[in-house]
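**Student:** Before anything else, here's the structure in question.
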Amino acid sequence: MKNWSKQLFLILFCSLITGKLLAQTNHEDQKMEWFKDAKLGIFIHWGIYSVNGIDESWSFFNDYISYDDYMKQVEGFTASNYAPEKWAKLIKSSGAKYAVITAKHHDGVALWDSQVSDLTVVKKTPAKKDLIAPFMNALEKEGLKKGLYYSVLDWSHPDYDRKTRTKYRYKDEPERFQKFVEFNFKQLDELSSNFDPDLYWFDGDWEHSAEEWRSKELKAQLLKKNPNVIVNSRIGGNLGDYATPEQGVPVTRPSSKYWELCLTMNNSWGYQHNDDNYKSPNELLRIFVDCLHMGGNLLLDLGPKPDGTIPDKAVNILESFGRWTDKHAAAIYDTQAGIPQGHVYAPTTLSKDRKTLYIYLDYKVNESLVIKGLKNKINRIWVVGNGTKLDHREVGKQYWSKVPGLKYIDIPDNVYDKDITVIAVLLDGEIDLYREKGQVIESN
Ligand code: GLC
């Protein structure tokens, strides 16, 4: 090849690759758009473990109860008061934009009418019906996104090799394990074909490697059915679309672009009548705001009773979320992560155009709130969902210093929300923060 044609070839080749990569990122961003804006999701752990009110799957795995006694719970799982439309309406009214339900937990009991397993609520429990289908329909009717939790490990399946208390070793009987993996593929194919979920919430990947799960192939199968399906991080092998910190509220912003904190309302994922350690609506709302501040979602979990009733305390929490999210919608769904700590002593977010700063106060300030290091002029300040306009004044600006003055906002006592008050600060342009090392006397 001549030199110039080599160069031309190289340019064409490089632009093809960059074009492809760009298209991929664009598609990825588009696909994640609804998830990024959803902010709040509801997690539902529903299964036979609610009958005795014990830990989902782990109770037999950890030998708190024998496997046989654990499985006897199937007899009490009636779903007799199951009202999926009511669930979906309640979820919607909380301000959540999606829900994720346990289609199958580690105990292997499928909540849908799986044709490839005998261990389903249809075949084994007095509920005798597919519980996933009507909920998926109800979510769709309410315009909510549909998520399915699926455990890739299955502590009941005869072909599954349990790493800790080995029935057999995967390496000794690779074909048998392959049979199990094929079973996962089939069940997931059923879920995709029957319900077309918007999101898969995998779990239990830790017992095997991504190669052993054939995670890449699995993800490809799901994407083939729905190119826009979102997959969480627990599918193994870094193949997930977003990170899933669990229970521990992040202190600093997680490094992944998309993330979601999953959190129980009390101390259990499923229904446990002896667990009354509910966080208060106010505590949960403050955790929610913390997630908003760090650019993530909250997936708030509840556990329905074996008859399908949602516990009163959970209903109350959802209703409290509804009141707050409805009043403050503008400061929730159209926002992105806030500004670095230190400028305001409160969590913050920014509007998508970065021209409005939202400040979330879970305390009453003494006289006035202060913003430090804000270079912008402030055009207007108001209390979100209340409408009151607020004044501000700038103090301490020196004409010879680049350090912006302190901006004080007076907040009258009568504008506070009973949970979290949101102050909107409209700036004269995109937010511009002073981030240099703070010297009072500067050399230039
Ligand atoms: C953990 C637990 C599981 C629970 C899940 C929810 O992975 O194993 O029981 O369903 O967290 O995030």
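The values are calculated or read from the model by the stated rules, or taken from the named source; none is laboratory data. All values derive from a computational prediction rather than experimental measurement. Reconstructed Cβ throughout: ideal geometry from the backbone, glycine too, with neighbour counts over all protein chains shown.
**Student:** Given the criteria surrounded by fewer than 23 Cβ atoms within 10 Å (Cβ to Cβ), more than 14 Å from the ligand (Cβ to nearest atom) and at pLDDT 95 or above, does Tyr82 qualify?
**Tutor:** Yes.
**Student:** Taking the range 42-79, which residues are within 13 Å of the ligand (Cβ to nearest atom) and part of a loop (DSSP other than H, G, I, E, B)?
**Tutor:** Across the range 42-79, the qualifying residues are His45, Trp46, Gly47, Ile54, Asp55, Glu56, Ser57, Asn62.
**Student:** OK, next. Return the total of residues in the range 371-396 being assigned to a strand (DSSP E or B) and surrounded by 16 or more Cβ atoms within 10 Å (Cβ to Cβ).
**Tutor:** Residues flagged as assigned to a strand (DSSP E or B) and surrounded by 16 or more Cβ atoms within 10 Å (Cβ to Cβ) within the range 371-396 amount to 7.
**Student:** Only one of Leu131, Leu144, Leu153 is buried (at least 18 other Cβ atoms within 10 Å of the Cβ), within 20 Å of Asn226 (Cα to Cα) and not β-branched (Val, Ile, Thr); which?
**Tutor:** Of Leu131, Leu144, Leu153, the one residue that is buried (at least 18 other Cβ atoms within 10 Å of the Cβ), within 20 Å of Asn226 (Cα to Cα) and not β-branched (Val, Ile, Thr) is Leu144.
**Student:** Also, I was wondering about something else. Inside the range 314-331, can you point out the residues that are buried (at least 20 other Cβ atoms within 10 Å of the Cβ) and within 22 Å of Leu302 (Cα to Cα)? If you could, list the steps in order and put the result at the bottom.
**Tutor:** Keep residues of the range 314-331 that are buried (at least 20 other Cβ atoms within 10 Å of the Cβ), which gives 314, 317-318, 321, 324-325, 328, 331.
Selection gives Ala314, Ile317, Leu318, Phe321, Trp324, Thr325.
**Student:** In the range 243-285, what residues are more than 16 Å from the ligand (Cβ to nearest atom), of a type in the set (Gly, Ala, Ser) and modelled with pLDDT of 95 or more?
**Tutor:** Ser280
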